[in-house]
1. If I stretch the segment between residue 158 and residue 40 completely, what's the gain in nm (0.36 nm per residue apart, minus their alpha carbon distance), one decimal?
2. Whenever you get a sec, compute what percent of the accessible area on segment 127-297 sits on carbon and sulfur atoms (1.4 Å probe).
3. Sum -39500 (n - 2.57) across every DSSP H segment of at least 4 residues in the chain, then divide by the residue count to get the 222 nm mean residue ellipticity, nearest 500.
4. Between 146, 177, 135, which gets the highest mean-square fluctuation from a Gaussian network model of the chain, Cα cutoff 10 Å?
5. Over the chain, average the accessible area per residue using a 1.4 Å probe and give it in Å², no decimals.
6. Near the amide H of residue 159, under 5 Å away, which other amide H atoms are found, from residues 5 or more places off or on another chain, if H is placed in the peptide plane?
7. GNM on the chain, C-alpha springs below 10 Å: top fluctuator among 59, 45, 93?
8. Just report the Cα centroid separation between segment 167-235 and segment 242-273, whole Å.
Amino acid sequence: MPSETINILAIESSCDETSAAVIQNGKVLSNTIATQKVHERYGGVVPELASRAHMQNIVPVVDAALADAGVNKAEITAVAFTQAPGLIGSLLVGTCFAKAFAQALHLPLIAVHHMQAHVLAHFIEDKPDFPFLCLTVSGGHTQIVLCRDYLDMEVLGETIDDAAGEAFDKVAKMMGLPYPGGPLIDKYAAEGDPLRFKFPMSEMKDYEFSFSGVKTSVLYFLQAQRKIDPDFAEKNRNDICASVQHTIVNMLMAKLRKAAKELNIKQVGIAGGVSANSGLRKAIKEAGEKYGWKVYIPRFEYCTDNAAMIGITGYHKFLKGDFADMSVTPTARATWH
Ligand code: KG4
Ligand code: ZN
């Protein structure tokens, strides 16, 4: 191995995926993800069960990432891990593992912000120009981020209540669909009429979002309709899914268009789990054609939670000499730094 080779071992454990990746000089060699199935029957992530599953998964997942990459422990240059934000018990598992690994092998440690990593997932394969505008939409976050450079980002606006993914999942739950319901809404929406039912779009200031209103209006709508026909949701499943998806996508796109226009940015992307949504993908591609944007959508495995995005962020922090010391601890909530 030439001495200039930089191998970053990256660990992600903020929610319900245990993931490890090896990044060599900014290129992904491996990206292993263990998705926790244990939460499905509860209709959402159960924090304590997530921590326990991370405990079971972390060593085999790291072993698999090293084996897939064909890199051994002695060849690792630095260890990057998700320090915030996320479920504290879950973050603790990844943080303690990363600290122990780094200490045992005398390696530098790099603390990564999960939301910054979702944005930098765009730079794993493509290389958008700066300034770059990113709509990050996941189960826990909805943000419009102005990215001036790899590590120079600003959150222009975010949701004041539910995240977009949470809205998808909660509506799915109301309809009796299993967790996570977002992908199922997407699937049924493809067969439905998006204009059949009207749900209100919240009017928020600047680049803020709110999704609790649409969620509540779907709840009241279903309650009222079920009084007339208890099987209403099942009988009209595709049209309800299409109409809800249409409403959420319209709300997201309205703010993204506003930001791109006001800041005059033509490099625009979506990131996070909800960027897998076909309605959102179609809408951003159409907007790209209409407004002359260059549109970026990461590959699916880099959209949902993964360690490769932690690794690419870790790599850029490594180049800047931005290391954490052994006193670093995880935090459930975090601002940008
Ligand atoms: O980024 P992610 O994997 O985890 C978080 O950090 O939250 O995002 C998960 C979220 C879930 O809410 C899930 O329902 C949603 O992304 N999601 C989707 C789709 N695929 C995943 N929502 C709508 N349509 C999809 N195709
Ligand atoms: Zn995430």
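1. Values: separation 118, 0.36 × 118 = 42.48 nm, distance 2.73 nm.
Additional length available on full extension: 39.7 nm.
2. 52 percent
3. -14000 deg cm²/dmol
4. 177
5. Values: 14750 Å² over 337 residues.
Counting only protein heavy atoms, the per-residue value for the chain is 44 Å².
6. 142, 209
7. Answer for the Gaussian network model of the chain: 59.
8. Value for the Cα centre distance between the two parts: 19 Å.
The values are calculated or read from the model by the stated rules, or taken from the named source; none is laboratory data. Keep in mind that this is a model prediction, so the values were computed, not measured. Heads up: the accessible areas ignore ligands, DNA and RNA and are worked out on the full protein's heavy atoms, side chains in. Shrake-Rupley method; radii C 1.70, N 1.55, O 1.52, S 1.80 Å.
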